[in-house]
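Report on the structure given below.
Computed from the coordinates by the stated procedures, all read-outs in this text should not be read as laboratory data. Note that the structure is predicted; figures quoted are calculated from it, not measured. Cβ placement follows ideal geometry from the backbone for every residue including glycine, while neighbour counts extend to all protein chains displayed.
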Amino acid sequence: DAGVTQSPTHLIKTRGQQVTLRCSPKSGHDTVSWYQQALGQGPQFIFQYYEEEERQRGNFPDRFSGHQFPNYSSELNVNALLLGDSALYLCASSLNEGRGEAFFGQGTRLTVV
Amino acid sequence: DAKTTQPNSMESNEEEPVHLPCNHSTISGTDYIHWYRQLPSQGPEYVIHGLTSNVNNRMASLAIAEDRKSSTLILHRATLRDAAVYYCILTSGSYGGATNKLIFGTGTLLAVQP
């Protein structure tokens, strides 16, 4: 089992551009959550997808959007990038009927210049 | 969202037990207590979770106070590989323990000395 895989691992974008990050959940997991982790801080919840719909959302602007596909994989899109969007973006997968454990990927390091 | 309070950092010696405290005085009756850890350059890793009773698994033990206002993560024999940031997190039971959003604080940085 490959666990949670994220791509790409690193990315450099210019301010104002748009970016798409991808996540494949652990086999059999149906729920995907996205987190943003700035340097030296704990991860911050962005949103969660279940049954191809956004179910929960954190305090992030509409520039952050996502999608979940029928195979449970997910994308995170960020429009009009700001320098402050530079961070590690983490994907976590879990079972909706699970016993309390979420599995995280290694993350995508986004740098906005 | 109920908040947790943890020490910024702790030190331990290898092969000794480590007790990582967490205060959560505003915990509600349906909040689960989760612990995750994050090793350098990795995503967070689930450690353990519980509701009211103490819990044990292969990684650690979770001791929950009778009034649930505090808890302690116990690593029975620390190894160098246990050096990480440990996060204590409360989640409400709206969707089930695994799928509620995790609200991370700054956690406790555990250093393990050989």
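With chain B treated as a Gaussian network of Cα nodes joined by springs under 10 Å, which of B:I103, B:I27, B:I64 yields the largest mean-square fluctuation?
The residue with the greatest mean-square fluctuation here is B:I103.
Mind checking the mean number of beta-carbon atoms from other chains within 10 Å of the Cβ atoms in B:101-111?
4
Quote the charge dipole size of chain A about the Cα centre in Debye, to the nearest 20; the model charges only the Cβ of Lys and Arg (+1) and of Asp and Glu (-1).
Details: 9 positive and 11 negative charges, 103 e Å.
Once rounded to the nearest 20, the dipole reads 500 debye.
Out of region A:21-68, which GluC sites (Glu not before Pro) are coil in DSSP terms and have no more than 13 other C-beta atoms within 10 Å?
Passing sites in region A:21-68 are A:E51, A:E52.
Using a 10 Å cut-off on Cβ to Cβ distances, tally the other chain neighbours for every residue of A:54-64 and report the average as a whole number.
If you average over the peptide's residues, the count of other-chain Cβ atoms is 1.
Assign unit charges at the C-beta atoms only (+1 for Lys and Arg, -1 for Asp and Glu), then state the dipole size of region B:1-79 relative to its Cα centre in Debye, rounded to the nearest 20.
Rounded to the nearest 20 debye, it is 160 debye.
If each residue of separation counts as 0.36 nm, what is the full-extension length gain between B:L80 and B:M59 once their alpha-carbon separation is subtracted?
Working: separation 21, 0.36 × 21 = 7.56 nm, distance 1.40 nm.
Answer, rounded to one decimal: 6.2 nm.
Rounded to the nearest 5, what % of DSSP beta bridges with both residues in chain B are antiparallel?
Percent antiparallel among DSSP bridges in chain B is about 85.
Can you work out the FRET efficiency for the pair B:A111 and A:Q41, with r the C-beta to C-beta distance and R0 = 30 Å, to the nearest 0.05?
Taking R0 as 30 Å, the efficiency between B:A111 and A:Q41 is 0.95.
Shielding of B:48-56 by partners, i.e. mean partner chain Cβ atoms within 10 Å per residue?
Mean number of neighbouring Cβ atoms from other chains: 1.
Subtract the Cα-Cα distance of A:H67 and A:T20 from 0.36 nm times their separation in residues, and report this length gain in nm to one decimal.
On the way: separation 47, 0.36 × 47 = 16.92 nm, distance 1.04 nm.
So the extension gain works out to 15.9 nm.
Taking only Cα atoms and a 10 Å spring cutoff, compute GNM fluctuations for chain B and point out the largest among B:T72, B:T91, B:T30.
Ranking B:T72, B:T91, B:T30 by mean-square fluctuation puts B:T30 first.
For all pairs of alpha-carbon atoms in chain A, what percent lies in each bin of width 5 Å, listed from the first bin to the last filled one?
2, 13, 24, 26, 19, 10, 4, 1, 0
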